[in-house]
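The numbers here are math on the coordinates, done by the rules we state, and not lab data. These figures come from a predicted structure and were not determined experimentally. Ideal geometry is used to build each Cβ from the backbone, glycine not excepted, and the neighbour counts take in all protein chains shown.
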Amino acid sequence: MKNDAVKKVVATGIGAALFFVLARFVAVPSGIPNTNIAFQYGIQSFFAVVYGPVVGCLSGFIGHVLTDMSWGGVWWSWAFGTAVYGLIVGLFAKKINIESGEFGKKALVNFAIANCLANVVAWPIIAAVGDVVIYKEDFKIVVAQLAVAAIADFLCAMVIGGLLLYGYSKTIAKTGSLDKE
Amino acid sequence: MSEMTPIISFKNFSFQYNAQKRPTLKDINLDIYPGEKILICGASGSGKSTLGNCINGLIPFSYNGKIEGSLTVDGIETKNSSIFELSTRVGTVLQDPDGQFVGLTVGEDIAFALENDCIEQGKMIELTDHAAMQVGIEKHMKKAPYDLSGGQKQRVSMAGVLVDDVKILLFDEPLANLDPATGKGAIELIEKLKKETNTTVVIIEHRIEDALWENVDRILLMADGCIVADKKPEDMLRSPLLNEYGIREPLYLTALKYASADINKVEHIDNIRQLKLEKEEVNSVRDWYLSQQRQQTVNDNDYILETQDLSFAYDGKEYVLNDINVKIRKGEMLSIVGRNGAGKSTFCKLVCGFEKPQKGKVFFKGEDVTDTTIRHRAAHIGYVMQNPNQMISQIQIFDEVAMGIANIGLSKEEIQERVYETLKVCGLYEFRNWPISALSFGQKKRVTIASILVMGPEVIILDEPTAGQDLRHYTEIMEFLKDLNKQGITVIIVTHDMHLMLEYTSRAIVFSNGQMVDDKAGSAVLCDPELVEKAALKETSLFNLATMCGIDDPVSFVDCFIDCDRREREHE
Amino acid sequence: MNNRVLNYIPKDSFIHRLSGTTKLIIFLTFSVLCGLSFDTRVLIVLLLLSLLGFRLSKIKLSEIRLMSTFLVIFITFNFILLFLFNPDYGTEMYGTRTVLFHLVGRYYVTAEQMFYQFNVALKYVIGFPIAILFISTTNPSEFAASLSAIGVPYRVSYSVSLALRYIPDIQKDYHEIAQSQEARGVGLGKDVKLVERVKNAVKILLPLVLTSLQRIDTISNSMQLRSFGKNKKRTWYVKKKLTVADYSVIAFCAILFIVGMIVTNQGGSNIYNPFI
């Protein structure tokens, strides 16, 4: 995990910008009608693991709110869901320790647990409660809807986020390992 | 100057990055005095940027590592200070114009340091306006970065450090990313700022000739983490050191050497504008020129690529490219030049099918390919982006190169064969099982070229293939492209490097304001002051030298020089 | 390339002249009140006020056509879905059942259901002019200063500003990387199998993310070299001073919020029930 206050500010901003660009301009069909693959959650989980919980949480939240605003109208319950999602994945950053340059089985398991937990808390709990409180929607329906979203985002984050983390880990130089040819 | 106290003083200073096995700076001893203007040069990896980062405090406060010895800046021992304390004394302009433009508008970006210092708004606006005037950007205060040119962004960056009333201005490769005319303007502006603000100036740059457009007091030459020479410009240029350490010396100087002129007798050898040649040297140059014989090779192959009235607008309204008619013969190696935003990249994107023209046609081998897809076009015309990191998406070299021919119905063996063949052509065969992260920039560039070549295009277009590279890497990349060209591949290079254009390409297509304004040999382009001005290029010092020596055909003089230079280097 | 990230439309109007801080407060007051209240009377007042604000801003409907189209489609879609999922939800909520007419099977159209769905739609509709009002009349340069003014730490506020600053750059990067990868057979369209599509996406996202990480390093170096993070506070070049108009609007928001909450919660529930 990168630990530098200014770098975290910048990572939050750039992470949010990436979230925005992917959510707003990149529409890749998922196979289910009218639904696109949510790449932004793959990127968000990547940032959460590389820069920790605060960046994971805020980059997603800012990215989500800006995206919603560009359409006109913020869906707060989901925005908070995104924030909580990044926060929880980020809490596992130390355990996954991507800066070691390894993204092996153990790290992958941790990443899976983090994603699982984060998706369950973020969507069927936080976002659902939000929807019920704000829109008085039927709790059962909301939970069912969000459970589907949670599963989709889990898969997306695992595959996209996982592959990105793996690719990134291969570019990290280990301490004292670089020598001139 | 010995009685003055140095403003920057390295004493037995060494630095080793945490990720490195060996120190990057070794036992540096260096004093820089107030009001001096220093040029630091050296090949990539020589430690010149690291030295700069020690002065501004990024080392050790942003990059971790081990420091030995002492470095004082304005009397402060840097390792006991902070990046904030140092930043009020040292203003740094980095080379990436977008990375350091953090504000949403010009005004905000210039005011950034003042905001962080909690300066009250009224005062802030006053200081910001003043700094903007100093660099001549005051008319654009509300503009966003994407409405500015590279040169304007650099001016904003300069203003952004001037607001702090710094004592030292540090420029890290200020000429990278700029078109030649803008680079010249940047060097002039640095000189102006130095005079007006009486600051000490440190310029880190390996493009010596361009950097010496305005005078400097000393040149430091770095190699392998040490300062190997610290001389006055004239002495440095007269010594053989620059060549020995892989820095390109000014062209007029090389020409004088080829002409066997006595460079020790030439006054102001460090500045083409003040250069004074005695009769004897003028005669040597003239004699040399007359003794040269040129052989012309004519390419009369069929046209491989043609465009007809090509026009394009991103938004469908504002045309960034108007009626471009270009004809390129098979086996040519040519360059496309012109200022940033003149339409060079857009032209390439249209040729490669990345964008569709509003009007006009593209022909490949006489066949109209305007409406074919990107993928289809890539089998004939390959495009290599400037930054290899934007193209590389695999971990292993083999996989990266194989990507372009996966899913086209080849068997595993066929794919392997073609990849190996391409890797051999690119001199990467022995690295085939390496991870890409272990490669140098130049090698990565080759991987990206290989990943395009594997698809078998007959034309490849490269965007700034040598940007930011030192002489050794530049030569490595360009000789490789020349070899490819000899094997029959047509090579088109988009570049700001006038030397590349002269040295490697038989003709240049010149863009200005979305139009093709000329199409002729590089030497003819650079000896045409009107065209140079129009397309934001910079005339070659060889032209000045030829004029100085009363040679009536400077174009031919430049051609002779390039021929001679090629022979000399092939000789080595 | 589309350079404007959010649809800021510079004009000279009462709303435009207000400080970004004030507009942010309006935006948040309306958002929170609209979120917490299910009282139709409050919602209608909010709607009327936001339409008034919209009128004052001199923004023309034609300038926000894309967004309004999106909203209409969204609300219609949502309206139908709500009904399909549970046509009796309104009845459960309001405790009465007034059947208007019968569609098919279990789908009876009740006044309660329609009223409930009307309220939900109202909530979406209110969010729209308020968000549009905020983004169309506030210079993005003022965002960070405004957030900071209402108590958000400046580091977080600046992240928002950085996001707005670099969205166009990253969009351009994405576009260029995708084009160059497409030339090498990396497609994301419907003609590509789903598994391949995901793999291909990573081939575009990895270079994008890795170059973004380099960008983060450069930006943070350049920010540190210009003293970002030096003090506990920072000042803002673009911050507008609050005027009498600003203070009046802020005061009005406070009153609106308090009155709105009182009206909403009288009777122990935030639902306005006309059926009893």
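Each part gets one Cα centre, and for the range A:133-176 versus the range B:225-284 those centres are 62 Å apart.
Packing here is the average count of other Cβ atoms within 10 Å per residue, and on that basis the peptides B:545-556, B:196-207, A:81-92, highest first, run A:81-92, B:196-207, B:545-556. Pairs over the 24 Å Cα-Cα cut-off, from the set B:Lys37/B:Lys257; B:Lys194/B:Lys232; A:Lys8/B:Lys194: B:Lys37/B:Lys257; A:Lys8/B:Lys194. Shape annotation for the range B:234-325: C-alpha extents along the principal axes are 59, 34, 28 Å, from largest to smallest. Mind scanning B:Lys48/B:Lys143; B:Lys356/C:Lys193; B:Lys444/C:Lys199 and naming the pairs with a C-alpha gap bigger than 28 Å? Violating the 28 Å limit, Cα to Cα: B:Lys48/B:Lys143. In the P(r) worked out for the range B:8-246, what percent of Cα pairs fall beyond 27 Å? Value for the range B:8-246: 34 percent of Cα pairs lie more than 27 Å apart. Considering only beta bridges that DSSP places wholly inside the protein assembly as shown, some 55 percent are antiparallel. Pick out, in residue order, every one of the GluC sites (Glu not before Pro) in the range B:233-319 that is DSSP loop and has at most 14 other C-beta atoms within 10 Å; say none if there are none. Taking the range B:233-319 and a limit of 14 other Cβ atoms within 10 Å, the loop GluC sites (Glu not before Pro) found are B:Glu278, B:Glu318.
Would you order B:Met4, C:Met261 from fewest to most other beta-carbon atoms within 10 Å of each residue's own beta-carbon?
In increasing order of surrounding Cβ atoms, one gets B:Met4, C:Met261.
Near A:Lys136, which lysines are there with a Cα under 19 Å away, not counting those fewer than 8 places off in the same chain? Counting by Cα, and skipping residues close in sequence, A:Lys136 has these lysines nearby: C:Lys123. The mean number of partner chain beta-carbon atoms within 10 angstrom of a residue's beta-carbon across peptide C:170-177 is 6.
How long are the semi-axes of the ellipsoid equivalent to the range C:58-178, from square roots of 5 times the Cα gyration tensor eigenvalues, in whole Å, largest first?
Ellipsoid half-lengths, sorted descending, are 41, 19, 15 Å.
Contact order for the range B:158-203, expressed relative to its length and based on alpha carbon pairs under 8 Å spaced 6+ residues apart, stands at 56 percent. Our compactness index for the range C:163-237, the C-alpha radius of gyration over the empirical 2.2 N^0.38 Å, is 1.55. Average projection, convex hull of the Cα set of chain B: 28.1 square nanometres. Once backbone amide H atoms are built at 1.01 Å from N, C:Tyr108 has C:Leu103 as its partners under 5 Å, excluding neighbours fewer than 5 places away on the same chain.
Annotation: average projected area of the range C:224-276 is 7.6 square nanometres, based on the convex hull of Cα atoms across all directions.
Phi angles across the range C:118-128 convert, under the Karplus curve 6.51 cos²θ - 1.76 cosθ + 1.60 with θ = phi - 60°, into 3J(HN,Hα) values of 4, 5, 4, 4, 4, 4, 5, 4, 4, x, 5 Hz, Gly and Pro given as x.
Just checking the listed ones, A:Ala127, A:Ala38, A:Ala27: in the Gaussian network model of chain A with Cα springs under 10 Å, the one fluctuating most is A:Ala27. The tail of the calculated P(r) for the range A:5-169 beyond 20 Å holds 47 percent of all Cα-Cα pairs. Charge tally around B:Ile405: other residues with Cβ under 13 Å, Lys/Arg +1 each, Asp/Glu -1 each, net -2. Values of log10 I(q)/I(0) for the range A:87-181 across q = 0.12 Å⁻¹ run -0.49, by the Debye formula with one identical scatterer at each alpha carbon and no solvent. The alpha carbons of the range B:245-293 stretch over 29, 24, 17 Å along the principal axes, in descending order.
Calculated on the Cα set of the protein assembly as shown, radius of gyration then Dmax: 31.4, 112 Å.
Helix C:140-149 versus the longest principal axis of chain C: what angle, 0 to 90°, nearest 10, using Cα atoms? Its long axis makes an angle of about 70 degrees.
Principal-axis analysis of the Cα atoms of chain B puts helix B:554-571 at an angle of about 90° to the longest axis.
Net charge dipole, chain B: roughly 860 debye, given to the nearest 20, about the Cα centre with Cβ charges of +1 for Lys and Arg and -1 for Asp and Glu.
For the options C:Ile15, C:Ile132, C:Ile44, a Gaussian network treatment of chain C with springs between C-alpha atoms closer than 10 Å singles out C:Ile44 as fluctuating the most.
How many percent of the alpha carbon pairs in chain C exceed a separation of 33 Å?
Roughly 44 percent, once rounded to a whole number.
Using the Karplus relation 6.51 cos²θ - 1.76 cosθ + 1.60 with θ = phi - 60°, the per-residue 3J(HN,Hα) values for the range B:187-203 come to 5, 5, 5, 4, 4, 5, 5, 4, 5, 6, 9, 6, 8, 8, 10, 10, 10 Hz, with x marking Gly and Pro. On the principal axes of its alpha carbon atoms, the range B:420-521 extends 46, 28, 23 Å, with the longest extent given first.
Candidate cross-link partners of B:Lys330 among the lysines, defined by an alpha-carbon separation under 18 Å and a same-chain spacing of 8 or more, comprise B:Lys365, B:Lys482, B:Lys486, B:Lys520.
Under a Cβ-Cβ cut-off of 14 Å, what is the net charge of the residues other than A:Ala118 that fall near it, where Lys and Arg count +1 and Asp and Glu count -1?
Neighbour charge sum, excluding A:Ala118 itself: 0.
Restricting to bridges with both residues inside chain B, how much of the DSSP beta-bridge set is antiparallel, in percent to the nearest 5? Around 55 percent antiparallel, to the nearest 5.
Among the listed pairs B:Lys192/C:Lys11; B:Lys79/B:Lys167; B:Lys317/C:Lys239; B:Lys153/B:Lys276; A:Lys95/B:Lys445, those whose Cα-Cα separation exceeds 30 Å are B:Lys192/C:Lys11; B:Lys317/C:Lys239; B:Lys153/B:Lys276; A:Lys95/B:Lys445.
What is the local net charge at B:Arg418, summed over the other residues whose Cβ is closer than 12 Å to its Cβ (Lys, Arg +1; Asp, Glu -1)?
-2
For the range B:165-238, the C-alpha radius of gyration divided by 2.2 N^0.38 Å, with N the number of residues, is 1.12. Mean per-residue shielding of peptide B:374-387 is 3, counting Cβ atoms of other chains within 10 Å of each Cβ.
Taking the number of other C-beta atoms within 10 Å as the exposure measure, put B:Glu464, B:Glu138 in order starting with the fewest.
B:Glu138, B:Glu464
Taking amide H as placed 1.01 Å from N in the peptide plane, B:Ile203 has its amide H under 5 Å from the amide H of B:Ile38, B:Leu39, B:Ile40, B:Phe171, each at least 5 places away in sequence or on another chain.
In sequence order, the range C:19-34 has phi-based couplings of 5, x, 4, 4, 5, 5, 5, 4, 4, 6, 4, 5, 4, 5, 4, 5 Hz under the Karplus curve 6.51 cos²θ - 1.76 cosθ + 1.60, θ = phi - 60°, and Gly or Pro positions carry x.
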